[in-house]
1. By how many nm would the segment from ILE63 to ILE12 grow when fully extended, if each residue of separation counts as 0.36 nm and the alpha-carbon distance is taken off?
2. Compute, for ILE121, the solvent-accessible surface of its heavy atoms (probe 1.4 Å) with the complete set of protein chains present, and express it in square angstrom to the nearest 10.
3. How big is the gap, in Å, between the Cα center of the stretch 117-167 and the Cα center of the stretch 60-94?
4. Applying 1/(1 + (r/R0)^6) with R0 = 25 Å to the Cβ-Cβ distance of SER104 and LEU28, what FRET efficiency is obtained, to the nearest 0.05?
5. Between ILE121 and ILE73, with labels modelled 7 Å along Cα→Cβ, what's the label distance in nm to one decimal, could you check?
6. Largest first and in whole Å, give the semi-axes of the chain's equivalent ellipsoid, each being the square root of 5 times a Cα gyration tensor eigenvalue.
7. For helix 35-46, report the angle its Cα long axis makes with the longest principal axis of the Cα atoms of the chain; keep it between 0 and 90° and round to the nearest 10°.
8. Can you give the accessible area of CYS103 in Å² (nearest 10), computed on protein heavy atoms with a 1.4 Å probe?
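The values are calculated or read from the model by the stated rules, or taken from the named source; none is laboratory data. From a predicted model like this one, the values you see are computed outputs, not experimental measurements. Here the Cβ is made from the backbone with ideal geometry for all residues, glycine too, and neighbour counts use every protein chain on show. With ligands, DNA and RNA removed, areas are computed over all heavy atoms of the protein, side chains included. Shrake-Rupley method; radii C 1.70, N 1.55, O 1.52, S 1.80 Å.
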Amino acid sequence: YDNGLISLGALIGVGPQLEALSMPRYVLHALVTPLMLFAMLQLAAAADIKLAQRRWARWAAGILAIALIPVGIEEGLIGLELYPACFEGTVRYATSSYANQLCSPAQAIVASTGGPPIPAITVVVVVLILGAMLLYQRRSPWALLGGIIMLAGAAVPVANGPTLGNGAEVFFALGYAMTAARFSTDSS
């Protein structure tokens, strides 16, 4: 949804419709990102990673995911204000608007005031750990590669535009998908 809306933003244009459609981007990040912990643990369990199959690990992942949802809500939704941001042909609503992302000459610069996204960082760290286990124990590089690309993309400051960070999200999701494809079982 996130990248799809950014792709369609120029067609929709700056205004209330794009702003309203942008709100779910932030809601999904706050609510769904922590659940990716549990999803990665399930993929590792399906790949026969013994740690991931332990009951306490599933409980820990579930509790951590649930605990991170309020953190994501606090970081990303409480007091959320969105501003038009235009960059390299894309139009979106973001929590900041830097000089290189202004949509009109009259638009004010609004720097990001938030800290690091704790839920997203936690998910990436877990994916890196389980991805390393998947590579070492099962010769599956996809989760680790997706985690590394996500870490690198997220390290690029938002002021430089969303291209690398949002592009990295695609590879992060692809790492999940490739891991799932490799270790899914036919239940028929």
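1. Gain in length upon complete extension: 14.4 nm.
2. In the full protein context, ILE121 sits at about 80 Å².
3. Taking the Cα centre of each part, the stretch 117-167 and the stretch 60-94 sit 17 Å apart.
4. Numbers: r = 28 Å, r/R0 = 1.11.
According to the calculation, E is roughly 0.35.
5. 2.2 nm
6. Working: eigenvalues 227, 57, 41 Å².
Whole-Å semi-axes of the equivalent ellipsoid: 34, 17, 14.
7. Approximately 30 degrees, to the nearest 10.
8. Answer for CYS103: close to 50 Å² accessible.
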